[in-house]
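Working notes for the structure below.
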Amino acid sequence: MTHLSPPEKRGSSSSSFSTTTTTTTSSLIDKSLEARVWRKLDIYIVPVVALFYLLSFLDRTNLGNARVAGLQKDLHMTNNQYSIALTVTYVPYIFAELPSNLLLKTVGPNVMLPTMLTLWGIVTTLQGVVHTYSGLLACRFFLGLLEGGVFPGLVLYLSFFYPRQQLQWRISAFFSAASISGAFSGLLAYGIINMHGIGNRPGWAWIFILEGLFTFLFGITAYFLLPRSPAHAAFLTEKEREYVLVRLREDGAVGRGEEEDRFSWREVGMAFRLPQVWMLGVIFFIDGTILYALAYFAPSIVQSLGYSATRAQLMSVPPFGAAFVVSMVMSYISDKYHCRGLVTIGTSFLCIIGFSLFLGSTNHHVQYGSLFFSIVGTYSSAPALCTWSANNAAPHTRRATAIAIGFILTNSGGILATWLMGGSLSPPPRYRKATVTLLVFSVLMGVVAGMNLVYLWWQNGRKRAVRERMEREGKGREEEEKGLGDGSAWFVYNL
């Protein structure tokens, strides 16, 4: 067995297992090995995962671009029927998330994720050949069913490879694909709608056909790109694989024994009993409502400010581009200073500023500028929330369930967003009731994030007292009851 070096010792604010009473296999850190391992994973894993989520978000939200390009008119849909089409996507999406996450490790992410991608690519393409509203509803239902496990599955998949304090930047790298998708979708739609009439298909149909075909082709390719786990990563040497597994075990990202990472219904139930899961769940619901309201309706909002349909596609790009940049910066800060909660609170203030500007002004330039605050705020908060959730639940089944709960509530917020913005409740161009609701939600997001931060800080204080007592009694982590997961005194919650 090759002797591997431990991670650097962290302070109490770290969310790794305390190394106070543990020994490591070497007293020196092999810096070159460490840098090489994470660089390889960043090159081979993160870009593939990012493209997965970009295509997922693009294929789910391009309905908004198709609407502006004439879909609603051609299929003779009312605003309420458009909202129903969005809602139909989320119902199976929500029900698929938990079972999908629980099955991911058993089936193998290298098989399950590409299969989902390939199949939803086919469904996306079929949206381009529908002639009736009922046909569109059928496509949206199966799109939601096949995409449901993607986002929670990708977060869980990355946690197989990275220690918790290195996770947010990687989650942000793939979630920022959502920001890129928002920008890219507008640019693509701007170009694709010029294909109107080719093959006797309208421009909006080609948005679905071309984007769906690319998703299908990448799904086939992905079978050869994703390793099942670090132990199956052919691009890592044996020494590098062992190093990753040691780091994950010392960090608490994997259990101390194989039995801790085995599926257990007890661990599923334990996740539902964690206070931090439900406080984050409230924030996930709020952020999901805001995020999907802006993802689906940004082109419509911009068009309501007086721009033509074609121009609106183009003008929706810059706010999402800004969101990508800020999201990466926020994630770097969050990983470096271990401050998921403070980042979430900070991004909630950006949303508050954005919705306040949109609500308080009738100037179209100010209203358009407000999107740079609201879109940037909600898209920058999501990676922090995802990482905060993944960081503070263990072992594997408990973490998989906690992540799934968060995304179930996120997409429940997506259902609310479709009716806030798309129905008769809050008509354009002011979207007054919707804007007031999203403003209140932004305030609540900051408040509940603060509550979760205080709770985790208090729990870490209690754990510290238990560790000190056990050390005075000459006991270490080895004497602690097994199977505690994140309840262990040596599992320090990430703040």
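The values are calculated or read from the model by the stated rules, or taken from the named source; none is laboratory data. Small disclaimer: the values here were computed from a predicted structure and weren't measured. Here the Cβ positions follow ideal geometry from the backbone for every residue, glycine too, while neighbour counts run over all protein chains shown. Note: accessible area is taken over every heavy atom of the protein model, side chains too, but ligands, DNA and RNA are not part of it. Shrake-Rupley method; radii C 1.70, N 1.55, O 1.52, S 1.80 Å.
Extension gain for SER308 to ALA231 (0.36 nm times residue separation, less C-alpha to C-alpha distance): 22.4 nm. Placing pseudo-labels 7 Å out from each Cα toward the beta carbon at VAL443 and ARG469 gives an inter-label distance of 4.1 nm. Is region 337-495 best put as rounded, prolate or oblate by its Cα gyration tensor, with a ≥ b ≥ c the root eigenvalues, rounded for a/c under 1.5, and otherwise prolate when a/b is larger than b/c, oblate when not? Here region 337-495 falls in the prolate category. A viscosity of 1.002 mPa s and a temperature of 20 °C, combined with the Kirkwood radius over C-alpha pairs in the Stokes-Einstein formula, give region 31-237 a diffusion coefficient of 120 µm²/s.
Compared with the dominant Cα axis of the chain, that is its longest principal axis, helix 364-391 is turned about 30°. The portion of the accessible surface of the chain made up by carbon and sulfur, rounded to a whole percent, is 67 (1.4 Å probe; DNA, RNA and ligands excluded).
Among the chymotrypsin sites (Phe, Trp or Tyr not before Pro) in region 185-226, those located in a DSSP loop and surrounded by at most 15 other Cβ atoms within 10 Å of their own Cβ are TYR223, PHE224. Once the Cα atoms are used to define both axes, helix 31-44 deviates from the longest principal axis of the chain by about 30 degrees. Between the alpha-carbon centres of region 428-484 and region 136-195 there is a gap of 27 Å.
The structure shown yields Cα extents along the principal axes in Å, and of the options (i) 63, 61, 50; (ii) 75, 47, 40; (iii) 79, 57, 47 that calculated value carries the label (ii).
Suppose R0 equals 45 Å; then what is the FRET efficiency for PHE272 and MET195 from their Cβ-Cβ distance, rounded to the nearest 0.05? After rounding to 0.05, the efficiency reads 0.40.
Using only Cα atoms, tell me the angle between helix 238-251 and the longest principal axis of the chain; keep it within 0 to 90° and round to the nearest 10. Orientation of helix 238-251: about 90 degrees from the principal axis.
A 1.4 Å probe run over the chain, with the rest of the protein chains in place, finds 38 Å² accessible per residue.
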